[in-house]
Amino acid sequence: MSSIMTRPIDLPDTIPVFPLPGALLLPRARLPLHIFEPRYLAMLDDALKTPERLIGMVQTCQAPGCDSNRLHQIGCAGRVTQFSETEDGRYMITLTGISRFRIRSEVDGFAPYRRCEVSWAGFEKDQGAEEHDPGLNRDGFMDLLTRFFKLRGLDTDWESMADADDELMINSLSMMLDFAPEDKQALLEAPCLCTRRETLVTLIEYALRGGADEETVQ
């Protein structure tokens with residue numbers, strides 16, 4: 001396993017994008033990925049040749065009636081900070097979230113993967129200091145999580161969860177929990193950590209109430 005140090009970087013105007021519904025990357029968080037399709041192996045190879053080593057994670061539209069090939073406007077770029085190659089040529093990599101971006105246009109070209117011209121404007125805080133959530137009620141939030149994990153048959157290291165910093169806990173849960181891709185997009189687009197926590201609580205409470213089944217009954 002190779003590990004690569006991170007540092008502030010100049011953000012390019014054009015980046016490769018990896019459309020992967022349900023896979024969420026957030027600034028300063030880490031996302032492990034298994035790369036095996038030839039086009040994405042080519043994407044990784046090209047990204048590693050650049051000084052930034054950036055790959056943009058972006059959701060495709062999953063809403064009813066939406067073209068599933070259409071990209072959401074906002075994604076998050078991650079820097080390749082770890083990688084290892086298997087004997088059969090696949091890669092296990094880790095992306096560390098650098099900054100969200102807004103897609104301006106998709107770039108035509110000869111690469112087998114998709115590339116986009118992007119704007120980083122409006123996401124300057126993503127490369128700044130870790131966020132905190134002064135409105136977080138830890139006891140109430142942990143109680144809500146306990147009920148949700150029990151409902152889903154999930155387990156976790158509760159002691160580490162309770163001791164985690166605000167951003168690490170909220171962003172890790174946002175990335176880890178199995179919400180619909182459109183819900184993941186809402187978590188990504190939250191303008192601050194407080195809003196992301198509020199969105200996360202809303203999604204968890206909706207699941208605890210029975211989700212769409214309850215809505216149908218009412």
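The values are calculated or read from the model by the stated rules, or taken from the named source; none is laboratory data. Since this is a predicted model, take the numbers as computed values, not measurements. We place every Cβ from the backbone using ideal geometry, glycine too, and count neighbours over all the protein chains shown.
Okay, here's what the table says:
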| read-out | value |
| --- | --- |
| Residue that is modelled with the lowest pLDDT, among those in region 139-172 that are exposed (fewer than 13 other Cβ atoms within 10 Å of the Cβ), hydrophobic (A, V, I, L, M, F, W, C) and in a helix (DSSP H, G or I) | 158 |
| Among the candidates 84, 99, residue that is over 17 Å from residue 197 (Cα atoms), hydroxyl-bearing (Ser, Thr, Tyr) and loosely packed, with under 13 Cβ neighbours inside 10 Å | 84 |
| Candidates 63, 29, 23 - the one that is among the aliphatic types (A, V, I, L, M) and in contact with a Gly (Cβ under 6 Å, 6 or more places away or on another chain) | 29 |
| Every pair of residues 6+ apart whose Cβ atoms lie under 6 Å, when the first sits in region 73-101 and is without any contact (Cβ under 8 Å) to a residue 40 or more places away in the chain while the second is in a strand (DSSP E or B) | 73/102; 73/103; 85/91 |
| Condition check for residue 207: among the aliphatic types (A, V, I, L, M) and within 29 Å of residue 77 (Cβ to Cβ) | no |
| Filter result (in a loop (DSSP other than H, G, I, E, B) and of a type in the set (Val, Ile, Thr)) within region 17-76 | 50 |
